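*Asks:* One structure is given below, represented as structure tokens, and several questions about it will come after.
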Amino acid sequence: MKRFLYFIFLTAALCSCEKLPTGPDDIPDTSYQPRTEIGKMVAKASSVGHIYADTTFMIAMGVDETDLHIQTSVGKVEHIFMLRIDLTTPGLKMKVGMPYDLDSYVIGNRQTPSDMIEYVDKPGQRVVAVVNADFWDTSNGKIRGPIHRNGRVLKDTFVYSSRLSDQAISFFGFDYDGTPVIRDTVTYRKMAGDMKDLTGSGVIVLQNGEVPGDFSAYSVNRHPRNVVGYSEDGKTLYFMIVDGRQALWSDGMLYWEMGEIMKSLGCSWATNLDGGGSAQLVIRHPSAQLYQLRNRASDGAQRPVVNTWMVTVNEP
């Protein structure tokens, strides 16, 4: 009798539950309005259909993170992790991270972002955030683009492949005045001597404040992405990490969608860094006082990468 009553109760409970969503079209619309400064700006992007949640918290002086759950204008679910950096903050610096903090390019060397932090973090140079940087050949570990590190040129060539046309076609870095720069490979030859810190990058998704009209030469598939961009005055830097390849959590983005979002933030230039399982954001969590992988990397854990961009602050 007890088993029979338990069966009746369980059946009733299951029947009373709402149907779980099976895809983006099943997610109910809400009257939610963005609450954060970043969320309100992103909501105006033509590639964004709806925002379901947005939260901002400060990581360190001049560095904050905004997490967004959105639906794109074509109905795709996305989780975005936005890092905003005020480059004018005293004591804040951008650093090219290399495996074991070596000032040399060793083909095949790789480390997870958290492992790289262990070799860099120290009094006066506290690491508060790390993202992956350039593309690399997974068969041999060769880095696709150039590397400048604190004025030292570790590599000055691009390794382009027509099979991977999204890679080794641009660079992101800082000149000796600390001004951020994103340009193509041709411009690199003209500016190389002026660049202090630099890594290679991929598809430029925003040029002079406008999204290029044609991305047909590149991949049309959705993937996890890492995009970097900066404001017109060069004082504010953004990294946007988009999760992907995870149904109902995040589908991944297309180039034009990312360009429109970076445009909504007031960026003038933005380019794509390595994505897929390499798309990672690790921060020094402000309350837990530990380093944490913030996004859901598609590998399920941190992937060893060839180089990174680090945000450091002058703290004891």
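The values are calculated or read from the model by the stated rules, or taken from the named source; none is laboratory data. Because the structure is a prediction, the values reported are computed rather than measured. Neighbour counts are summed over all protein chains in view; Cβ atoms, including those assigned to glycine, are modelled from backbone coordinates with ideal geometry.
*Asks:* Select from segment 33-66 the residues that are assigned to a strand (DSSP E or B), crowded, with 20+ Cβ neighbours inside 10 Å and either out of contact with any helix residue (DSSP H, G or I) (no Cβ under 7 Å at 6 or more places or on another chain) or charged (D, E, K, R) (or both) and list them in ascending order.
*Replies:* Correct list: Asp54, Ile59, Ala60, Val63, Asp64, Glu65.
*Asks:* In addition: Pick from Tyr218, Tyr238, Tyr230, Tyr255: which is hydroxyl-bearing (Ser, Thr, Tyr), under 16 Å from Gln167 (Cβ atoms) and touching a strand residue (DSSP E or B) at 6+ places or on another chain (Cβ under 8 Å)?
*Replies:* Tyr255
*Asks:* Restricting the search to segment 97-131, which residues are part of a strand (DSSP E or B), farther than 18 Å from Phe174 by Cα and touching a strand residue (DSSP E or B) at 6+ places or on another chain (Cβ under 8 Å)?
*Replies:* Gln111, Gln125, Arg126, Val127, Val128
*Asks:* Applying the selection to segment 156-208, what residues are among the basic types (Lys, Arg) and closer than 21 Å to Lys263 by Cβ?
*Replies:* Listed by number, the list holds a single entry, Arg183.
*Asks:* Let me ask something additional. Any chance you could count how many residues in segment 242-271 are part of a helix (DSSP H, G or I) and of a type in the set (A, V, I, L, M, F, W, C)?
*Replies:* Total meeting the criteria: 4.
*Asks:* Something else: Among the residues in segment 235-256, are any closer than 15 Å to Val130 by Cα, in contact with a helix residue (DSSP H, G or I) (Cβ under 8 Å, 6 or more places away or on another chain) and surrounded by fewer than 18 Cβ atoms within 10 Å (Cβ to Cβ)?
*Replies:* No, segment 235-256 contains no residue that is closer than 15 Å to Val130 by Cα, in contact with a helix residue (DSSP H, G or I) (Cβ under 8 Å, 6 or more places away or on another chain) and surrounded by fewer than 18 Cβ atoms within 10 Å (Cβ to Cβ).
*Asks:* Could you please find all residues in segment 216-234 being β-branched (Val, Ile, Thr) and free of Cβ contacts under 8 Å to residues at least 40 places away in the same chain?
*Replies:* Answer for segment 216-234, where residues must be β-branched (Val, Ile, Thr) and free of Cβ contacts under 8 Å to residues at least 40 places away in the same chain: just Val220.
*Asks:* Another question, then. Kindly state which strands (runs of 3 or more DSSP E) lie completely within segment 272-316 and contain at least 1 residues that are under 11 Å from Ser114 (Cβ atoms), touching a helix residue (DSSP H, G or I) at 6+ places or on another chain (Cβ under 6 Å) and aromatic (Phe, Trp, Tyr).
*Replies:* Qualifying strands (runs of 3 or more DSSP E): 291-293.
*Asks:* Now, a different point. Are there strands (runs of 3 or more DSSP E) fully within segment 132-193 with at least 2 residues that are within 18 Å of Pro99 (Cα to Cα) and modelled with pLDDT of 95 or more? List them.
*Replies:* 147-149, 152-155
*Asks:* Hey, another quick one. If a residue has to be touching a helix residue (DSSP H, G or I) at 6+ places or on another chain (Cβ under 8 Å) and among the charged types (D, E, K, R) to count, how many in segment 77-106 make the cut?
*Replies:* 3
*Asks:* Next up: In segment 90-118, which residues are surrounded by fewer than 18 Cβ atoms within 10 Å (Cβ to Cβ), farther than 29 Å from Val159 by Cα and in contact (Cβ under 8 Å) with a residue 40 or more places away in the chain?
*Replies:* Pro90, Gly91
*Asks:* Which is aliphatic (A, V, I, L, M), in contact (Cβ under 8 Å) with a residue 60 or more places away in the chain and on the phi > 0 side of the Ramachandran plot, of Leu248, Leu237, Leu265?
*Replies:* Leu248
*Asks:* Right, another one. With respect to Asp137, determine if the residue is of a type in the set (Asp, Glu), within 25 Å of Gln111 (Cα to Cα) and under 18 Å from the mean Cα position of the chain (by Cα).
*Replies:* Considered against the rule, which asks whether it is of a type in the set (Asp, Glu), within 25 Å of Gln111 (Cα to Cα) and under 18 Å from the mean Cα position of the chain (by Cα), Asp137 comes out as no.
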